[in-house]
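Have a look at the structure below before the remarks.
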Amino acid sequence: MTAQSPKPASPLPPSEPGNAARIRNFLIAMVAIALSTSIFFGLQSSNGSGNLALLAESAVPLEEALANDKPTLMEFYANWCTSCQAMAQDLGELKEEYGDRVNFVMLNVDNDRWLPEMLAYRVDGIPHFVYLDRQGEAIASIIGEQPRAVMAANLEALSNNTPLPYAPASGQVSKVNTAAAKATPDDPRSHGSQVNRG
């Protein structure tokens, strides 16, 4: 009996099923990367901030809007304002529909240049929309995110010079002449002041 020594193990050629699995895994990884990239860039372009910047760039300058005999929708906004971003697409579509009849003006509250307008229109929250008639007089203002239907109805009325259906109502008021009313020490409006104003 001769002892046969075991044959040295020869390297086996790679099996076909192993190569197929590697190719499949590589393709899955590439598709995952492609999908992740497209989702990332898709979200970046649809988050509203891009639309808001484009809308602001194409807005009518305030000076031009006040001089061209068209009614105006003036929006006070900021790039960081999520409500402003959320409304940007709707406002862009409304601008396409009403832009030939209504000025769309956008004033960024982060720009100190618009401080006088912010004070004049009492802007204390954004988005803040001011509706101006053809003479540039404020006829209504609305604060906060608004549904597209509300904005469309107001723009339709504004362009037709009719009352805005969704504007906060303010009734007629009487003006008070404060110079004519002189407080006396026993006047309840003096708040108990003991100072002789004589």
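Just so you know, all these numbers are worked out from the coordinates, no wet-lab data involved. Given the structure is predicted, the values throughout are model-derived calculations rather than measurements. Heads up, the Cβs are rebuilt from the backbone with ideal geometry, glycines too, and the neighbour counts pull from every protein chain shown.
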Inset, instruction - Apply 1/(1 + (r/R0)^6) to the Cβ-Cβ distance of GLN135 and ASP112, taking R0 = 30 Å, and write down the FRET efficiency to the nearest 0.05. - result: 0.65
Legend entry - Label-point gap, in nm, between GLN89 and ASN19 - each point 7 angstrom along Cα→Cβ: 4.8 nm
Inset, instruction - Can you tell me the relative contact order of the stretch 49-159? Whole percent, Cα pairs under 8 Å, sequence separation 6 or more. - result: 34 percent
Inset, instruction - Counting only DSSP beta bridges with both residues in the stretch 49-159, tell me the antiparallel percent, nearest 5. - result: 60 percent
Legend entry - Inter-probe distance in nm under a simple model that places probes 7 Å from Cα toward Cβ, at VAL31 and TRP80: 4.2 nm
